[in-house]
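Asker: Encoded as structure tokens, here's the structure I'll be asking about.
The values are calculated or read from the model by the stated rules, or taken from the named source; none is laboratory data. Not measured: the values here are computed from a predicted model. Here the Cβ positions follow ideal geometry from the backbone for every residue, glycine too, while neighbour counts run over all protein chains shown.
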């Protein structure tokens, strides 16, 4: 089965071709138009998807040495995400379906992240625990099987990726700042600045707004700290504080559920320090830590197509294709259970 997949939920424009669950082509562009504004501008994101998707489709077909005539199924992200961006991608995909007389499968963006590690590592041992960390989500999810998910913890305020970007902005780093924060923090001394360690308790939920405020107050009290002077130290302190809290929450959940593997997914899962700490935690629990490659951590159409293939293999019916900017993962599992 040849699947043509589209991802356009935020500021990544991505097209992929998958054949029998394997990646035949992947083309992803992270939009640079948002950098001057310090965050994603929804109107500009939608316009950029409109400009990019046709070009990326042609490139993907060329890379895979396939034609549209050979496509068996077209799929696209329909939620959650920015409504304009979702409409551009899903309507483009559905237009192709009408022209090709092929079926369309609507895909839940977060659900696709849960299975993204299988793109490279193959079927994972069930149940596995996913730490989903991105600019919009911070959750721990126990994956028992396809469409059988338990959300065990979520953020009460900022997502972890959002906290990285906001702290980076305080120090004058370009948006998105997460990768640069991770890089600079490697050379910093986390002991130079004392920051609050958020939510170090037995609860399973996350909170990062207080830590972000602590960085703001520290910069106010130490005006000599700039991007060129001591930035690495305060970023190292921020990252250690944030990730120590994350690892505490993940340990709480893992000890209660005893998964057979631990998986990180989402854009922040590409961060080197998070991978190191999660590997150490998994080793202490005597289970493997599994990570998608960085290009599969970011929003990408390969994971969208792979989930579509899994749903097809399981014989699950096609869902409502309406765009849903807000679409909680637990709502998806409830819909399947009651359908």
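Asker: Of everything in region 124-137, what is in contact with a helix residue (DSSP H, G or I) (Cβ under 8 Å, 6 or more places away or on another chain) and either more than 29 Å from residue 166 (Cβ to Cβ) or modelled with pLDDT under 95 (or both)? Give them in sequence order. Working first, answer last.
Answerer: To start, the set of residues in region 124-137 that are in contact with a helix residue (DSSP H, G or I) (Cβ under 8 Å, 6 or more places away or on another chain) comprises 124, 127, 129-137.
Once the filter is applied, which keeps residues that are in contact with a helix residue (DSSP H, G or I) (Cβ under 8 Å, 6 or more places away or on another chain) and either more than 29 Å from residue 166 (Cβ to Cβ) or modelled with pLDDT under 95 (or both), region 124-137 yields 124, 127, 134, 135, 136, 137.
Asker: Another question, if that's okay. Mind counting the residues in region 218-241 that are under 18 Å from residue 162 (Cα atoms) and out of contact with any helix residue (DSSP H, G or I) (no Cβ under 6 Å at 6 or more places or on another chain)?
Answerer: Filtering region 218-241 down to residues under 18 Å from residue 162 (Cα atoms) leaves 234-241.
Those left that are additionally out of contact with any helix residue (DSSP H, G or I) (no Cβ under 6 Å at 6 or more places or on another chain): 234, 237, 240.
Count: 3.
Asker: What about residue 302, is it within 16 Å of residue 120 (Cβ to Cβ) and touching a residue at least 24 places away in the same chain (Cβ under 8 Å)?
Answerer: yes
Asker: Quick one: in region 18-40, of everything that is in a loop (DSSP other than H, G, I, E, B) and at pLDDT below 95, which residue is farthest from residue 122 (Cα to Cα)?
Answerer: 38
Asker: Yes or no: residue 85 in a helix (DSSP H, G or I), in contact (Cβ under 8 Å) with a residue 60 or more places away in the chain and not assigned by TED's automatic domain parsing to the domain that holds residue 132?
Answerer: When the stated conditions are applied, residue 85 passes them.
Asker: Now, a different point. Taking the criterion of being at pLDDT 90 or above, under 18 Å from residue 270 (Cβ atoms), assigned by TED's automatic domain parsing to the domain that holds residue 274 and assigned to a helix (DSSP H, G or I), would at least one residue in region 199-210 satisfy it?
Answerer: Within region 199-210 (the criterion being at pLDDT 90 or above, under 18 Å from residue 270 (Cβ atoms), assigned by TED's automatic domain parsing to the domain that holds residue 274 and assigned to a helix (DSSP H, G or I)), the answer is no, since none of the residues qualifies.
Asker: Can you tell me which of 15, 74, 83 is at pLDDT 95 or above, buried (at least 17 other Cβ atoms within 10 Å of the Cβ) and over 21 Å from residue 297 (Cβ atoms)?
Answerer: On inspection, the qualifying residue turns out to be 74.
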